[in-house]
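Worksheet: the structure to be examined is printed underneath.
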Amino acid sequence: MYKVIDVAKMLGVSKVTIYKKISAKKKEIKPYIKKVKNITYLTDEAVEIIKENLAVVPIASGRMINEEIESLHNKIDTLMNEKEEVEKALVSQMNGENEELEGMLRSLQSQINIKMSHLERKNQIVDNFKKIVTINKERIKVLEKMLNNQNLV
């Protein structure tokens, strides 16, 4: 005789599963069950009935399996097609963005070149002003000397 917990461990299922199987096969199992002080004991025959009941698993027909496999293949094909479409859309979007960025880069490079030429022109003007200032300083000195010489006479 085995306790329900022992049968559950032996068969690798829960106590609840064993009690459900007992309820499902009540008429068949009843002669092989004993209750002592609220503990349910099962004989070897009861364990065999429960074991057979646990082993009954509905077996799908070959056609059902083939249909399921075909359905899964169709889903895979659909997902692969969707993946390809998403990849194409992403590539297209990236190409558009790259072209836009390249255009912006060319525009910025052109602006830099223009600014550099303006800066170079301004530097030339500043250099010319410096030369003019230097020449004018020398002229002022010459004129001051001439004035000094006239005042002395």
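For the chain, what does the relative contact order come out to in percent, with C-alpha contacts under 8 Å and a separation of six or more?
The normalised contact order for the chain reaches 15 percent.
Against the longest alpha carbon principal axis of the chain, how many degrees, from 0 to 90 and to the nearest 10, is the axis of helix 62-152 turned?
Relative to the chain, helix 62-152 is tipped by roughly 20 degrees.
Could you tell me how many degrees, from 0 to 90 and to the nearest 10, lie between the Cα long axis of helix 15-24 and the main elongation axis, the longest principal axis, of the Cα atoms of the chain?
It is inclined by approximately 50 degrees.
Give me Asp127, Asp6 ranked fewest to most by other Cβ atoms within 10 Å of their Cβ, as a rough exposure proxy.
Least crowded to most crowded, the residues run Asp127, Asp6.
Out of these labelled values of Rg and Dmax of the Cα atoms in Å, (1) 25.1, 98; (2) 17.1, 60; (3) 50.5, 156, which was calculated from the coordinates shown here?
(3)
Taking the Cα centre of the chain as origin and charging only Cβ (+1 Lys, Arg; -1 Asp, Glu), how large is the dipole, in debye to the nearest 20?
The calculation lands at about 1220 debye.
So for the stretch 2-55, averaging the separation of alpha carbon pairs under 8 Å that are six or more residues apart and normalising by length, what relative contact order in percent results?
38 percent
For the Cα atoms of the chain, what angle does the longest principal axis make with the long axis of helix 44-55, in degrees from 0 to 90, nearest 10?
40 degrees
In the chain, with Lys and Arg counted as +1 and Asp and Glu as -1 at Cβ, which of these residues, Asn38, Leu108, Ile69, has the Cα nearest the positive end of the dipole, that is, farthest along it?
Checking the options against the dipole of the chain, the answer is Asn38.
Would you mind checking Lys3/Lys27; Lys21/Lys75; Lys51/Lys75; Lys122/Lys145 for any pair whose Cα atoms are more than 26 angstrom apart?
Pairs exceeding 26 Å: Lys21/Lys75; Lys51/Lys75; Lys122/Lys145.
Quick one: among Asn128, Asn113, Asn81, which has the greatest mean-square fluctuation in a GNM of the chain with alpha-carbon springs under 10 angstrom?
Checking each option, the largest mean-square fluctuation is seen for Asn128.
Since every read-out is calculated from the coordinates, none of them should be taken as a lab result. Nothing here was measured: the structure is a model prediction, and the numbers come from that model. So basically every Cβ, Gly included, is an ideal-geometry build from the backbone, and we count neighbours across all protein chains shown.
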